[in-house]
Amino acid sequence: MSEQTKVLNNALPQHVGIIMDGNGRWAERQGKPRVWGHKKGVDAVRRAVSLCRKLGIPSLTLFAFSSENWRRPEDEVSSLMELFLFVLQKEVKALHKNQVRLNIIGDLSKFSDKLQQNIAKAQELTSGNTGLTLNVAANYGGRWDIINASQQMAKQVAAGSLAPEAITEELFAKHIQMHEQPELDLLIRTGGDIRISNFLLWQAAYAELCFIETLWPDFDDQVFADAIASFVSRERRFGCTGAQIRELAAGTVQG
Ligand code: FPP
């Protein structure tokens, strides 16, 4: 794809990331335990996946559990772990049938053996699917991702197979999670807070940000479509001026 096409090809985002926030508040407002909100959040995940499939968006990345979420009360953490296992076991067949490739990103070594085995099985089963890549960030942090990439390159430098001056932005990017997928175009956070919370720090460099009030369990097709419409209406300049971008657009239309 030429640089020119890349600038202009923003009709639909090719990679959407979502910070699914607000489950706990959603449940508390109904006088229910927080885990009830997480369970209802799974329905919203299903809707988001389904809309991406319908629209032909090739990559969706969901922040399911941050490297900081271990600080939550022990019973909430263990309920979330049980929920992840349950969802993996229950949903993987439907994902596979719908041509979804499941890809878990994050430091999985902290999860139970059973969860790790189920993750490996689900990834293996769906590895050939080309409809949508569903990346689930679990025990993930943007800083971890950058450190992980740095360590990989540092090992090569130490072994003498990589010169320090060969570490460019392009090479660095190749060691970051999901480098083989389209660049992150749109980053959505539900639940009303305006922060990135150590999500895709490297990948979000040029993403359009969309912060919405809706709590995650209420995230439906209309809310998602509104966020996508907001993305489509924005002018992405990638460091250029607006005039340059309009010239490029005019050139492409004429060409
Ligand atoms: C944040 O809301 C949500 C989470 C930490 C967990 C998200 C998990 C799911 C939606 C379920 C499983 C998903 C997959 C992809 C397997 P919060 O608890 O911080 O809400 P609050 O801000 O209202 O307290």
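The values are calculated or read from the model by the stated rules, or taken from the named source; none is laboratory data. What you see is a predicted model; the values in this text were computed from it and never measured. Neighbour counts run over all protein chains shown; Cβ positions are idealised from the backbone, glycine included. Ligands, DNA and RNA are excluded from the accessible area calculation, which covers all protein heavy atoms including side chains. Shrake-Rupley method; radii C 1.70, N 1.55, O 1.52, S 1.80 Å.
Things to note:
- Residue in the range 155-170 that is of a type in the set (S, T, N, Q), outside any loop (DSSP other than H, G, I, E, B) and out of contact with any Cys (no Cβ under 7 Å at 6 or more places or on another chain) present: yes
- Taken over the range 192-228, residues that are closer than 27 Å to Trp26 by Cβ, among the small types (Gly, Ala, Ser) and surrounded by fewer than 21 Cβ atoms within 10 Å (Cβ to Cβ) amount to 4.
- Test for Arg195: is it more than 30 Å from Val100 (Cα to Cα) and either outside any helix (DSSP H, G or I) or without any contact (Cβ under 8 Å) to a residue 12 or more places away in the chain (or both): no
- You will find that of Ala48, Ala44, Ala27, the residue that is in contact with a strand residue (DSSP E or B) (Cβ under 8 Å, 6 or more places away or on another chain), open to solvent by less than 10 Å² (accessible area, probe 1.4 Å) and within 11 Å of the ligand (Cβ to nearest atom) is Ala48 and no other.
- Hits in the range 1-24 (condition: part of a loop (DSSP other than H, G, I, E, B), at pLDDT 95 or above and more than 6 Å from the ligand (Cβ to nearest atom)): Leu12, Pro13, Gln14
- Residue within the range 163-175 that is over 17 Å from Ile19 (Cα atoms), loosely packed, with under 12 Cβ neighbours inside 10 Å and aliphatic (A, V, I, L, M) present: yes
- When residues in the range 120-162 are screened for being crowded, with 20+ Cβ neighbours inside 10 Å and under 21 Å from Lys97 (Cα atoms), 7 of them pass.
- Only one of Lys97, Lys93, Lys110 that is in contact with a helix residue (DSSP H, G or I) (Cβ under 8 Å, 6 or more places away or on another chain), farther than 15 Å from Asn23 by Cβ and either more than 10 Å from the ligand (Cβ to nearest atom) or hydroxyl-bearing (Ser, Thr, Tyr) (or both): Lys110
- Among (1) open to solvent by 20 Å² or more (accessible area, probe 1.4 Å); (2) within 18 Å of Pro217 (Cα to Cα); (3) not hydrophobic (A, V, I, L, M, F, W, C) - the single one Gly17 does not satisfy: (1)
- Tallying residues that are of a type outside the set (D, E, K, R), open to solvent by 50 Å² or more (accessible area, probe 1.4 Å) and not in a helix (DSSP H, G or I) within the range 80-111 yields 2.
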